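Let me begin by presenting the structure, written as structure tokens, before commenting on it.
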Amino acid sequence: MARVTKAVKESGIETQRLRAGSDVPGGRRKQRVSMADVARLAGVSSQTVSRVANGQPGVVESTREQVQAAMRELGYRPNSAARSLRYGRFNTIGVILFGLSSTGNSRTVEAIATHAAAEGYAITLIPVGMPTQDNVLGAFTRMGELAVDGVIVIIEVHLLDATAVALPPGVHAVVVDSDAGDRYPVVDTDQADGARQAVRHLLELGHRTVWHLAGPAESFAAERRAGAWRAALEEAGRPVPPVERGDWSADSGYHAGLRLAGDPSCTAIFAANDQMALGVLRALHERGRRVPEEVSVVGFDDIADAGSYLPPLTTVHQDFAEVGRRCVRSLLDQIHDGPAAPGTDLVPTRLTVRGSTAPAPH
């Protein structure tokens, strides 16, 4: 460090020129600080500076600190484009998704970004409005133009299940929330087991059956949860009530809740997400149906505010952070080691019991 400080003092006007702002009087722009400038200031070779800038091993720690101090002093920023061309890596992950408004999608993207950053990768996000083959291919074309090393595709609709829609061959890709494990690496929450836990909890409390407020019919997650709800009731030999359908919003849960509140035989409701469960709680309150004394309610997701509902919501916890971590890890394994075999990696769920469920009324 002392050597760098001394060199800075001896460099005088030249160092001031390098540290100056990007603009100089007369409209001329300052020359970009180069690797050679850093090497001269640190008293090392340009190859050593390159190894430090790229995080490569083989540099004595004291020398590494010396080079990093010179970089900070001069305001040196590595040329990532040139480095990408040289090493064939962009250190960027593309994320294609169909809708960012849902809790699951937004929290999964957040987790992917967090874990990608921990691995030294940035993410490039491309939302796609309508899940069609042309839009999927268009998104991959844009990803190619933006130079990414691989792609994570977050799908909430039955898209890759259709033979008409496929990912371009040769692309490093991981798919989230889709029934495409026979063709692509898939990471998903164990939707079915979470729904089974919710239904069994309510049946064990003595409820004769469980009504279900499902998500949109085109949603893979919604159909997985609805199928597991139905199977759990049939396995227990219980009647299967008609399915109510919502669009993931609290408003749709409210309107479905008004209908369910009018049926005195309805004592237990499993909503496919927490927002719809919130709407159900409001509807039951307005209709004078007490929760949980008369009606028990279970949600799905365990959003940050679920414990602040009135009453606090019993719900199925999804580990979005773990989904994001596994997505990033799976994609980086492909980038470093080559294509991965198809298959589905399921992240476990768990039931979080709070105040919205209780034994069935007599």
Does the stretch 205-216 contain at least one residue that is outside any loop (DSSP other than H, G, I, E, B) and charged (D, E, K, R)?
-> no
Residues within the stretch 295-333 that are surrounded by 18 or more Cβ atoms within 10 Å (Cβ to Cβ) and either among the β-branched types (Val, Ile, Thr) or within 18 Å of ILE123 (Cβ to Cβ) (or both), tallied | 17
Looking only at helices (runs of 4 or more DSSP H) that fall completely inside the stretch 59-178, which ones have 3 or more residues that are modelled with pLDDT under 75?
-> 80-87, 133-145
Tell me, yes or no, whether the stretch 244-267 has at least one residue that is of a type outside the set (Asp, Glu), closer than 14 Å to ALA195 by Cα and surrounded by 15 or more Cβ atoms within 10 Å (Cβ to Cβ).
-> no
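One line per residue, one yes/no per condition, for (1) without any contact (Cβ under 8 Å) to a residue 40 or more places away in the chain; (2) closer than 15 Å to THR315 by Cβ; (3) in contact with a Gly (Cβ under 6 Å, 6 or more places away or on another chain); (4) open to solvent by less than 10 Å² (accessible area, probe 1.4 Å):
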site	(1), (2), (3), (4)
VAL174	no, no, no, yes
VAL186	no, no, no, yes
ARG196	yes, yes, no, no
VAL199	no, yes, no, yes
LEU202	no, yes, no, yes
VAL210	no, yes, no, yes
ALA222	no, no, yes, yes
Could you grab me the full set of residues in the stretch 225-250 that are within 25 Å of the chain's Cα centre (by Cα) and free of Cβ contacts under 8 Å to residues at least 40 places away in the same chain?
-> GLY227, ALA228, GLY246, ASP247, SER249, ALA250
May I ask you to list the residues in the stretch 336-362 that are surrounded by 15 or more Cβ atoms within 10 Å (Cβ to Cβ) and over 16 Å from LEU202 (Cα atoms)?
-> ALA340, THR344, ASP345, LEU346, VAL347, THR349
May I ask you to say which residue of ALA256, ALA271, ALA217, ALA198 is of a type in the set (Gly, Ala, Ser) and modelled with pLDDT under 95?
-> ALA217
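The values are calculated or read from the model by the stated rules, or taken from the named source; none is laboratory data. These numbers were taken from a predicted model, which means no experiment stands behind them. Please note: Cβ atoms are built from the backbone with ideal geometry, for glycine as well, and neighbour counts cover all protein chains shown. Surface accessibility is based on the protein's heavy atoms, side chains included, excluding ligands, DNA and RNA. Shrake-Rupley method; radii C 1.70, N 1.55, O 1.52, S 1.80 Å.
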